[in-house]
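Asker: I have a structure I would like to understand better, so I am pasting it below and will then ask my questions one at a time.
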Amino acid sequence: NPLGELYAYADIKGSNIKFGTDTMGSINIVGSYNSKKNLLSLDEKTGIFRDDAYVNAYGRISFNNTTNQSVDGGIDFHNTPISWTAPFLKGFISDISGKLNGKIQIKGTATEPSIIGDVKIQNTGLRIDLLGSYYKIANAAIHLNNKEISLGKITLKDRFDNEGTLSGSIYHDLFKDMRLAINMKSSKLEVI
């Protein structure tokens, strides 16, 4: 009944999707909306898929309480090309490559979500546009939550294979009011 108890289901697929200069692959949106329960659901089939790489989003958002919508979901990364983030980083980071693997869980309410996750980056390369320097990172493990993005200890190399160590955290309040607490150590590393 569209006027009283509406239930809508969607299974939308797009193929050969391009974002910027990168071909992302196929995008699927699979989910439903139940007006009686005021519930929006995304199936695990929702995401971006290319060969063996994907990022998918899933979960439920309840709109029963207009001030604090209930959220229970997550985002999974599997061999996700970091280059998919390039359009969002334009002007800051370029020539980005590598892969992401990990999970981020989102629970709580839309206004105050509880976010926790671990993401690993592999075989990453990037140019910091402000400096002009290109760096490579073989492996790194990043932990994030509502207050902090912990970098752990990251070994990076410049274009001459000089090595440095980056450690520390980026503190934030639900990804606003960012504050850096980062240390960099190296006996020799190209910076500019």
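Asker: Taking only pairs six or more apart or across chains, which ones have beta-carbon atoms under 6 Å, a first residue in region 151-172 that is at negative phi, and a second residue that is part of a loop (DSSP other than H, G, I, E, B)?
Answerer: Pairs found: 158/189; 158/190; 162/188; 162/189; 164/186; 164/189.
Asker: Can you report the number of residues in region 97-125 which are over 16 Å from residue 57 (Cβ atoms), open to solvent by 30 Å² or more (accessible area, probe 1.4 Å) and in contact with a Gly (Cβ under 8 Å, 6 or more places away or on another chain)?
Answerer: So the count comes out to 6.
Asker: Of all strands (runs of 3 or more DSSP E) completely enclosed by region 76-174, which ones contain at least 3 residues that are within 16 Å of the chain's Cα centre (by Cα) and of a type outside the set (D, E, K, R)? Write out each step before concluding.
Answerer: Values: elements: 93-109, 113-128, 133-145, 148-157, 163-173.
Fully inside region 76-174 and qualifying: 93-109, 113-128, 133-145, 148-157.
Asker: Return the pair list, or none, for Cβ contacts closer than 9 Å from residues in region 126-144 that are in contact (Cβ under 8 Å) with a residue 12 or more places away in the chain and open to solvent by less than 30 Å² (accessible area, probe 1.4 Å) to residues that are in a loop (DSSP other than H, G, I, E, B) and among the acidic types (Asp, Glu), at least 6 apart or on different chains.
Answerer: 133/158; 133/190; 135/158; 135/190
Asker: So which residues in region 8-25 are open to solvent by 40 Å² or more (accessible area, probe 1.4 Å) and either of a type in the set (A, V, I, L, M, F, W, C) or within 20 Å of the chain's Cα centre (by Cα) (or both), if there are any at all?
Answerer: Of all residues in region 8-25, those open to solvent by 40 Å² or more (accessible area, probe 1.4 Å) come to 8-9, 11-13, 15-21, 23.
Within region 8-25, 8, 12, 17, 18, 19, 20, 21, 23 meet the criteria.
Asker: Quick check: anything in region 53-63 among the aromatic types (Phe, Trp, Tyr) and more than 19 Å from the chain's Cα centre (by Cα)? Outline the logic, then answer.
Answerer: Pass one, region 53-63, residues among the aromatic types (Phe, Trp, Tyr): 54, 58, 63.
Subsequent filtering for residues that are more than 19 Å from the chain's Cα centre (by Cα) retains 63.
Yes, region 53-63 contains a residue that is among the aromatic types (Phe, Trp, Tyr) and more than 19 Å from the chain's Cα centre (by Cα).
The values are calculated or read from the model by the stated rules, or taken from the named source; none is laboratory data. This is a predicted model, so every value here is computed, not measured. Note: ideal-geometry Cβ built from the backbone for every residue, glycine included; neighbour counts use all protein chains shown. When the accessible area is computed, the model is the full protein with side chains, heavy atoms only, and any ligands, DNA or RNA have been set aside. Shrake-Rupley method; radii C 1.70, N 1.55, O 1.52, S 1.80 Å.
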